[in-house]
Amino acid sequence: MNIFDFEYKRESSIIHRLDPRAKLVYLILFTILTVYFTNPIILFLVFLSSLPIAILGKIVKKWATSIKGSLFFIVFIFIFNFIGIFWTTGNFIDTITISIAMAIRFISLISIFSIFFLSTSPEDLMQSMIKLKLPYEYVLTFNMAMRFVPTLAKEAQTIIDAQKSRGLEFEKGNIFQKVKKYIPILIPLIISSLRRAEIIADAMESRAFGASKTRSFLYTLNMNKKDFIFIIICIIVFITFLSLKIFFNIQ
């Protein structure tokens, strides 16, 4: 898995050109659907609904990479739920159904959030959140965290390569031995993160962060017709899924 595929790259697709507020509506509505339903078939349909957006956004490869990277956690969630539910109920059919549903729910959430962040510029998202009257300090913190994740991933990969060049073998040993081998990665990664945080704090202080409450931007985001069309489509799909509960009693 290439960790650099998770970093946002500006493209010219119709999904990239959408206003972040329109994509935020998609994120919220489909997250609600994923959390609300427990039927594995419905959850799988919610997951598949992300595919056309990934195709339109020309991010299918990166989207698939994010799904592939979460396979370990998907298997872990399935096994954990299977053991816990079967231990409690003893019903194999219900246990397997709920375990599959939980795994699909997780992969659906990964799919929705990966599409949002892979197609949304951090700068545009920051401006749209400010337009929604969110406190600037919180918006800046969120934006810096978004930027920090790819940087942290790159640094982790660099440390892993350095440790491998020194003869550390991550693939050998049982699960506990493998976890123990990641300690030489975590320690330098944490130290490096603390140093970077201190540098950022000094840079913000040198630029008099917080001295002015008025913010200015190089360009202004404005929602247009295609943004409202996208929002309407998301609402229609959302209502369609909810109608399955009302008319067919599918939960």
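The values are calculated or read from the model by the stated rules, or taken from the named source; none is laboratory data. Since this is a predicted model, take the numbers as computed values, not measurements. Neighbour counts run over all protein chains shown; Cβ positions are idealised from the backbone, glycine included.
Some notes on this structure:
- Checked against the criteria, residue 33 counts as touching a helix residue (DSSP H, G or I) at 6+ places or on another chain (Cβ under 7 Å), modelled with pLDDT of 90 or more and over 25 Å from residue 127 (Cα atoms).
- Set side by side, the residues 201, 197, 153 differ, and just one is more than 30 Å from residue 133 (Cα to Cα), at pLDDT below 85 and assigned to a helix (DSSP H, G or I), which is 153.
- Pairs linking a residue in the stretch 1-26 that is over 16 Å from residue 235 (Cβ atoms) to a residue that is at pLDDT 90 or above and of a type in the set (Lys, Arg), with Cβ atoms under 8 Å and 6 or more positions apart or on different chains, are 14/226; 15/23; 17/226.
- Some residue of the stretch 75-89 being surrounded by 12 or more Cβ atoms within 10 Å (Cβ to Cβ), free of Cβ contacts under 8 Å to residues at least 60 places away in the same chain, not aromatic (Phe, Trp, Tyr) and not in a helix (DSSP H, G or I): no
- If the condition is being hydroxyl-bearing (Ser, Thr, Tyr) and crowded, with 21+ Cβ neighbours inside 10 Å, then the stretch 115-127 contributes 119, 120.
- Residue 70 being without any contact (Cβ under 8 Å) to a residue 40 or more places away in the chain and surrounded by 16 or more Cβ atoms within 10 Å (Cβ to Cβ): no
- Boolean, residue 53 is out of contact with any helix residue (DSSP H, G or I) (no Cβ under 6 Å at 6 or more places or on another chain) and not hydroxyl-bearing (Ser, Thr, Tyr): no
- Residue that is modelled with the highest pLDDT, among those in the stretch 52-99 that are under 15 Å from the mean Cα position of the chain (by Cα) and among the aromatic types (Phe, Trp, Tyr): 63
- Residue match in the stretch 177-184 (condition: part of a helix (DSSP H, G or I), in contact (Cβ under 8 Å) with a residue 12 or more places away in the chain and not basic (Lys, Arg)): yes
- In this structure, residue 63 does satisfy being of a type in the set (Phe, Trp, Tyr) and within 23 Å of residue 143 (Cβ to Cβ).
- Subset of the stretch 156-175 that is in a helix (DSSP H, G or I) and of a type in the set (S, T, N, Q) - its residue that is surrounded by the most Cβ atoms within 10 Å (Cβ to Cβ): 163
- Sole residue being in the same structural domain as residue 37 (by TED's automatic domain parsing) and either without any contact (Cβ under 8 Å) to a residue 24 or more places away in the chain or surrounded by fewer than 19 Cβ atoms within 10 Å (Cβ to Cβ) (or both), chosen from 130, 112, 107, 100: 100
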